[in-house]
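**Student:** This structure is in structure tokens; I'll ask about it shortly.
No lab work stands behind these numbers, since they all come straight from the coordinates. These numbers were taken from a predicted model, which means no experiment stands behind them. Don't worry about glycine lacking a Cβ; one is built from the backbone with ideal geometry, like all the others, and counts go over all protein chains shown.
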Amino acid sequence: MALANEELSTKQLLEAQAHIWNHIFNFINSMSLKCAIELGIPDIIYKHGKPMTLSELVDALPNISKTKSQHVHRLMRILLHSNFFVKVNISNDDEEEEHYWLTPASRFLLKDAPLTVAPTVQLVLDPLLTKPCHYLSEWLANDHYQSTFEMTHGMLFWEYAKHEPRLISLMNEATGSDSRLVTRVLLENHKITQVFKGIESLVDVGGGNGTMAKAVVDAFPSMKCIVLDLPQAVAGLQETNNLTYVEGDMFQSIPPADGILLKWVLHDWDDEHCVKILKKCKEAILGKGGKVIIIDMVVDIYEGGDKAVENQLLIDMMLMTLLNGKERSEKEWAKLFLDAGFSSYKITPAIGLRSVIELYP
């Protein structure tokens with residue numbers, strides 16, 4: 001019997017090889033991006049105030065060995081190809097010299113930018129989180145561990161986080177920056193702001209340092225908001241007249257309110273734990289007009305084209321690897337809602353990969 005690849009044309013063979021190579025080496029894109037952030041390259045170019053030459057960039061990098069400076073252009077070449085920077089040709093003394101400048105994507109990598117995603121890059125690409133990916137096939141053949149993270153590090157992700165302040169810090173920075181982006185998109189969308197209208201009290205479950213809650217109460221000053229999270233997440237945070245922090249466990253009890261907010265919480269958990277959380281939310285809802293507001297992915301419902309589809313699938317695999325969580329289709333969400341005792345729901349795609357789900361008792 002002839003081998004399958006012998007039946008392919010030369011063109012098909014080379015295209016197949018290129019496709020495989022692209023996936024083999026694609027992690028280099030991620031690590032190059034992480035390297036650029038750690039070196040502060042986006043911030044250096046931004047603070048320069050205008051497009052920057054390679055020699056200017058090398059001179060401005062604080063921690064580059066002189067013997068390694070010749071390699072910076074290779075790093076910038078892959079980052080240019082990935083559209084994190086752009087080349088600008090500027091004439092100088094009758095000579096044209098290439099300069100580097102920022103793209104919309106690299107502006108999101110500036111460390112002090114309000115909507116920075118640099119903390120998310122540093123969190124997701126931290127060796128602590130990437131190492132479990134090497135053992136995915138072993139985990140799939142093993143019945144003894146809930147996640148690849150547990151098999152790799154000897155304990156579940158959330159247990160590990162309790163004993164690793166660095167991980168907690170990375171998570172708080174990443175979720176905080178994401179919340180700033182999400183709230184900006186939400187509050188600029190009139191249709192979505194209606195979700196919060198009429199709610200006098202809100203509990204942000206798993207709200208961390210309260211970035212999301214602060215933006216919501218700023219937009220709706222008459223609203224009272226409680227951020228519920230574990231003690232290590234909310235200890236010592238500054239409260240205001242309409243924003244308070246409560247130490248607690250969402251599996252045990254949720255403070256009563258008109259609205260219960262779950263932003264990117266449920267996808268961290270398996271179905272059994274999600275039903276438990278949702279039942280506690282249902283118990284906490286005050287009055288007939290109350291509801292649960294879920295900000296999460298609904299697989300196959302998105303804004304953003306093919307990249308959005310791939311991102312949904314990639315994040316789903318990350319959740320399987322680290323947390324035993326998952327991204328859910330509308331059918332899977334509906335089953336959770338029914339099992340938790342809710343009567344109806346409404347899905348509004350509004351935040352790229354994610355949707356706003358209004359869940360009614």
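**Student:** Report ³J(HN,Hα) in whole Hz for each residue of region 55-72, in order, from the Karplus equation J = 6.51 cos²θ - 1.76 cosθ + 1.60 where θ = phi - 60°; Gly and Pro get x.
**Tutor:** Once rounded to whole Hz, the list reads 5, 5, 5, 4, 5, 8, 6, x, 10, 9, 5, 4, 6, 9, 4, 5, 8, 4.
**Student:** Decide, for region 300-352, between rounded, prolate and oblate: order the square roots of the alpha carbon gyration tensor eigenvalues as a ≥ b ≥ c, take rounded if a/c falls under 1.5, and otherwise choose prolate if a/b is larger than b/c, else oblate.
**Tutor:** On the way: a/c = 3.19, a/b = 1.31, b/c = 2.44.
Oblate is the answer for region 300-352, as a/c is 1.5 or above yet b/c matches or exceeds a/b.
**Student:** Cα to Cα, under 18 Å, and not fewer than 8 places away if on the same chain: which lysines meet these conditions relative to residue 331?
**Tutor:** The qualifying lysines are 346.
**Student:** Between helix 271-284 and the chain, what is the angle of the helix's C-alpha long axis to the longest principal axis, kept within 0 to 90° and rounded to the nearest 10?
**Tutor:** Approximately 50 degrees, to the nearest 10.
**Student:** Nearest 5 percent is fine: what portion of the DSSP beta bridges confined to region 115-246 is antiparallel? Could the numbers behind the result be given before it?
**Tutor:** Numbers: 1 of 10 bridges.
Close to 10 percent.
**Student:** Classify region 56-123 as rounded, prolate or oblate from the Cα gyration tensor: take a ≥ b ≥ c as the square roots of its eigenvalues, call it rounded if a/c is under 1.5, otherwise prolate when a/b beats b/c and oblate if not.
**Tutor:** Details: a/c = 2.10, a/b = 1.38, b/c = 1.52.
Oblate is the answer for region 56-123, as a/c is 1.5 or above yet b/c matches or exceeds a/b.
**Student:** Cα axis of helix 330-339 to longest principal axis of the chain: angle in degrees, 0 to 90, nearest 10?
**Tutor:** 30
**Student:** Relative contact order for region 152-275 using alpha-carbon pairs under 8 Å, separation at least 6, rounded to a whole percent?
**Tutor:** About 24 percent, as a whole number.
**Student:** Right, something else. In the chain, what % of DSSP beta bridges are antiparallel (nearest 5)?
**Tutor:** Restricted to the chain, the bridges split so that about 55 percent are antiparallel.
**Student:** Connecting C-alpha atoms closer than 10 Å in a GNM of the chain, tell me which of 168, 90, 24 has the biggest fluctuation.
**Tutor:** 24
**Student:** Here's a follow-up. Could you tell me the relative contact order of the chain? Use alpha-carbon pairs under 8 Å, at least six residues apart, and round to a whole percent. The partial results should precede the final answer.
**Tutor:** Working: 546 pairs, mean separation 40.9, N = 361.
Computed over the chain, the figure is 11 percent.
**Student:** Output the pairs from 263/335; 34/276; 291/326 with a Cα-Cα distance over 25 Å in this structure; if there are none, say none.
**Tutor:** 34/276
**Student:** Based solely on its DSSP helices, what 222 nm [θ] is calculated for the chain when runs of n ≥ 4 H residues each add -39,500 (n - 2.57) and the sum is averaged over all residues, nearest 500 deg cm²/dmol? Provide the component values of the computation, followed by the final result.
**Tutor:** Numbers: 18 runs with 167 residues, N = 361.
Calculated at 222 nm, the ellipticity per residue is -13000 deg cm²/dmol.
**Student:** What is the local net charge at residue 324, summed over the other residues whose Cβ is closer than 11 Å to its Cβ (Lys, Arg +1; Asp, Glu -1)?
**Tutor:** Once positives and negatives cancel, what remains is -4.
**Student:** Related question: With +1 on the Cβ of every Lys and Arg and -1 on the Cβ of every Asp and Glu, and nothing else charged, how large is the dipole of the chain about its Cα centre, in debye rounded to the nearest 20?
**Tutor:** My answer is approximately 740 debye.
**Student:** Hey, how many Å between the Cα centroid of region 278-339 and the Cα centroid of region 146-181?
**Tutor:** 19
**Student:** Cα centroid distance between region 198-242 and region 252-269, in Å?
**Tutor:** 12
**Student:** Sticking with this one: What aspartates and glutamates could a cross-link reach from residue 47, if we take a straight Cα to Cα line under 13 Å and drop same-chain neighbours fewer than 8 places away?
**Tutor:** List returned: 56, 112.
**Student:** As I understand it, the value is the acute angle between the Cα axis of helix 306-322 and the longest principal axis of the Cα atoms of the chain; what does it come to in degrees, rounded to 10?
**Tutor:** 70
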